[in-house]
1. Based on the alpha-carbon gyration tensor of the chain and its eigenvalue square roots a ≥ b ≥ c, which shape applies: rounded if a/c is under 1.5, prolate if not and a/b is larger than b/c, or oblate?
2. What is the local net charge at ALA231, summed over the other residues whose Cβ is closer than 12 Å to its Cβ (Lys, Arg +1; Asp, Glu -1)?
3. Would you calculate a helix-derived [θ] at 222 nm for the chain, using -39,500 (n - 2.57) for each DSSP H run of n ≥ 4 and dividing by the full residue count, to the nearest 500?
4. Grab every C-alpha pair in region 10-82, bin the distances at 5 angstrom width from 0 up to the longest one, and report whole percents.
5. Among DSSP beta bridges lying fully in the chain, give the percent that are antiparallel, nearest 5.
6. With +1 assigned to the C-beta of every Lys and Arg and -1 to the C-beta of every Asp and Glu, and no other charges, what is the dipole magnitude of the chain about the Cα centre in debye, to the nearest 20?
7. Would you mind telling me which residue in GLY14, GLY87, GLY161 has the biggest mean-square fluctuation in a Gaussian network model of the chain, where springs connect alpha carbons within a distance under 10 angstrom?
8. Hey, what's the chain come to in accessible area per residue, 1.4 Å probe, Å²?
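The values are calculated or read from the model by the stated rules, or taken from the named source; none is laboratory data. These figures come from a predicted structure and were not determined experimentally. Backbone-built Cβ (ideal geometry, glycine too); neighbour counts: all protein chains shown. Surface areas here come from the heavy atoms of the whole protein model, side chains and all, with no ligands, DNA or RNA. Shrake-Rupley method; radii C 1.70, N 1.55, O 1.52, S 1.80 Å.
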Amino acid sequence: MGGEEGGDGLKLIGQYGSAFVTRVKLALSLKGLSYEYVEEDLRNKSALLLSSNPVHKAVPVLIHRGKPICESQVIVQYIDEAFAGIGPPLLPADPYERSVARFWAAFIEDKLVSPWDRVFRAKTEDEREEAMKQMLAAVDALEGALKEGRPRPFFGGDSVGYVDVVLGGAVSYAKGHDALFGSELIDAAKTPLLAAWMERFCELDAAKAVLQDVDRVVQYGKMLIAKNAAATRQA
Ligand SMILES: N[C@@H](CCC(=O)N[C@@H](CS)C(=O)NCC(=O)O)C(=O)O
């Protein structure tokens, strides 16, 4: 890292607590790319963020040679394509395999990450429970995906790929789930393959270098829950 836009002409606008930003950090780390990191204060958004992502005004944004790329999954795919000759490929070369990877990435976004967000923002306990139920069903489906075909250490096969990165962005939150909500999300007794996947993923050097500290995301998560609860009381 260090230096203007880092040695590879890359600048990442991020925020420590964001699982979406962590996805991008994982992709950059797996590829061994250097970049400049800019931590964004989302309560007081910078001119750089607003001009780079005027549509969503959200992180992550990756700036490559002055051009902004927005949306974590789009960014991860961009990194894979723009730096195709560097580090391991994330998406498979075979079009069918690529479609399967994109299917699971979309599934993770819609059926796991989206209810996860609602769990933090729920206005009532019923709402939180309902979203939690949807997350547990998604976790079961991911266990099923790992069970399909030959046994393999990662969703990407023998090495990490696109789906691992998309899910991997959230592992610190998965690990902090019990501390935040009083129950495990990925429970070795119920989803042993997924639990083993998570441990294996966290042991990768490229992941260790960028995954968020679990205690810190728990603190951040508690702050989010409290902030949303206060907003609900005021409404
Ligand atoms: N779909 C987007 C989601 C990004 C997102 O929701 N980012 C949050 C931080 S986790 C954000 O910047 N929100 C803007 C805000 O809080 O105003 C992606 O995949 O990049």
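1. Cα axes put the chain in the oblate bin.
2. Summing Lys/Arg as +1 and Asp/Glu as -1 gives +4.
3. -16500 deg cm²/dmol
4. 3, 18, 33, 28, 13, 4, 0
5. 70
6. That gives the chain a dipole magnitude of about 480 debye.
7. Result: GLY87 has the largest fluctuation of those listed.
8. For the chain, the solvent-accessible area averages 50 Å² per residue.
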